[in-house]
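K.L.:
Take a look at this one; I'll ask things after.
The values are calculated or read from the model by the stated rules, or taken from the named source; none is laboratory data. None of these values were measured; they are calculated from a predicted model. Note that each Cβ is placed from the backbone with ideal geometry, even for glycine, and that neighbours are counted across all protein chains shown.
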Ligand SMILES: [Zn+2]
Ligand SMILES: [Zn+2]
C-alpha cells in the first residue's frame, strides 16, 4: 500500500483550508493581545484545536503545545512554531478586520503565523493515518518582549520527549511578493541586547560650566566613541550595530546644565564571542571615559535574543522542498538581517529553519513594513503559509525517518 502523500494533495488541502485560515487570521487580527497577555488568543486556538479533534496542553503561561500522532506507528517528531502576540501600536488600516483594540495591533503578522499553523494542523489531521511519526505544534506567546516566549516554551518542555528531528518557523515578509518564500542557510538574524546608560555629571549654571560637570558633553563624546567600537574594533567581516534611539537629560534648560543624562539603545551582533567582548568593551569605555571627564557612567545591559542560526543542511533541504512545492520562481535566497527574533533560542537547541513568507501586493497597496500602523498582508499568503509548512513537515517525517 502506498502511503505517501503527494504535493498535489497537500496543495489542494491548503486551498481547501484557506477560508478557515482566513477566518482565524481575521478573528486574531481584530482581537490582538500584547506579549504574555494572550489569554483570549490561547482560548481561541484551543477551541480551533478542539474543533479539529487535536489534543493539546497549555504551556508557557499563554502558549499551547499540540500534537498530531501519525497512524503509521512510531517515527520521528517534527515541530512547527507560530508566535501569537501583537504589538502596542494603534492600527490605521480601515479594513473590516482591522484591530478592535486601540493601542494593540498585529503589526508583525503573528496573526498570520498562528492562522497558518492552525491551517497546517487541519491539513495534518486530514492525513493523520498516513503519517509515520508525530507533528508537534508550538503556539508561542511573547515573541516581541524580552526574555522572549521561546525561553518559556523551552523551559516548559516544548523541545523534549522526544527532541524533534527538526523545527520550522515562518515569518511574514513585506518586501516579498505573496506566493513567494525566502530562505537563508546558516546565520540569518542578529543577537539583540538593550542598552541603558546613565551619565552622571554635576549640574550648574549654563554660563559657568567650569563650576559644573557637564553630562551632555560627556554623553556626546561617549556616543561618538561607542560608534568607533563598531568601526575600529569590530572585525569588519562580522556585522555589528549599536544604535542609541533615546537620549534624555534629567532636567536642564537653555541656561541650566543638568545633573545627568539617560540613554537607551540596542546592540546587535552575529557572533556570541564578539557579543560578550563588546559588552565588556562598552563598560570599560563608558566608565573610563566618563571618569576622565570628571563624571561617571553606569551601563546596564539587558540581554536579549541570541543570533539566529538556520541549520545549513536542513535549510538547504527545506529550500529544495519549497522549490519542488512552489516552483523555482517562488523561492528566493535571503540576505542576513540585523533584526532579532526569539526563534533564535530554539536554533541553539536543535536543527531549525526559520524562513520568510511573502505577503506583498503592490497593486492592492499592501506594501507597509512590519511594526508600522498600516501593515497588512495579502491573505493568499495563508495558503502558501499553511501549504508549504505542511509539506515540509510531511517530507521531513519521511526524510528523518530514513536517516
Ligand atoms: Zn515583530
Ligand atoms: Zn514578528
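K.L.:
If a residue counts only when it is within 32 Å of the chain's Cα centre (by Cα) and within 20 Å of residue 304 (Cβ to Cβ), which strands (runs of 3 or more DSSP E) contained entirely in the stretch 169-259 have at least 3 such residues? Before the answer, list the steps.
P.N.:
Numbers: elements: 181-183, 186-189, 191-200, 240-250.
The qualifying strands (runs of 3 or more DSSP E) are 186-189, 191-200, 240-250.
Quick grid of which residues meet (1) buried (at least 17 other Cβ atoms within 10 Å of the Cβ); (2) in contact (Cβ under 8 Å) with a residue 40 or more places away in the chain; (3) within 13 Å of residue 195 (Cβ to Cβ):
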residue	(1), (2), (3)
224	no, no, no
234	yes, yes, no
259	yes, yes, no
283	no, no, yes
290	yes, yes, no
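K.L.:
For the stretch 132-169, how many residues meet the condition of being within 16 Å of ligand 2 (Cβ to nearest atom) and within 20 Å of residue 49 (Cα to Cα)?
P.N.:
Final tally of qualifying residues: 7.
K.L.:
Can we say residue 113 is outside any loop (DSSP other than H, G, I, E, B), assigned by TED's automatic domain parsing to the domain that holds residue 126 and within 16 Å of ligand 1 (Cβ to nearest atom)?
P.N.:
Values: outside any loop (DSSP other than H, G, I, E, B): yes; assigned by TED's automatic domain parsing to the domain that holds residue 126: yes; within 16 Å of ligand 1 (Cβ to nearest atom): yes.
So residue 113 passes the test.
K.L.:
Hey, does the stretch 304-322 have a residue that's assigned by TED's automatic domain parsing to the domain that holds residue 170 and on the phi > 0 side of the Ramachandran plot?
P.N.:
The answer is no; no qualifying residue exists.
K.L.:
Restricting to the stretch 30-55, name every residue that is assigned to a helix (DSSP H, G or I) and without any contact (Cβ under 8 Å) to a residue 40 or more places away in the chain. Outline the logic, then answer.
P.N.:
As a first pass, look at the stretch 30-55 and keep what is assigned to a helix (DSSP H, G or I): 30, 39-52.
39, 40, 43, 44, 46, 47, 50, 51, listed by residue number.
K.L.:
Quick check on the stretch 138-157: of everything there that is surrounded by fewer than 24 Cβ atoms within 10 Å (Cβ to Cβ) and away from ligand 1 (no atom under 16 Å from the Cβ), which residue is nearest to residue 343 (Cα to Cα)?
P.N.:
151
K.L.:
Of all residues in the stretch 389-403 being touching a strand residue (DSSP E or B) at 6+ places or on another chain (Cβ under 8 Å) and over 17 Å from residue 25 (Cα atoms), which is nearest to ligand 1 (Cβ to nearest atom)? Full working, then the answer.
P.N.:
Filtering the stretch 389-403 down to residues touching a strand residue (DSSP E or B) at 6+ places or on another chain (Cβ under 8 Å) leaves 389, 392-393, 396-397, 400.
Adding the requirement that they be over 17 Å from residue 25 (Cα atoms) leaves 392-393, 396-397, 400.
On the way: 392: 22, 393: 24, 396: 26, 397: 30, 400: 30 Å.
Checked the stretch 389-403; the qualifying residue nearest to ligand 1 (Cβ to nearest atom) is 392.
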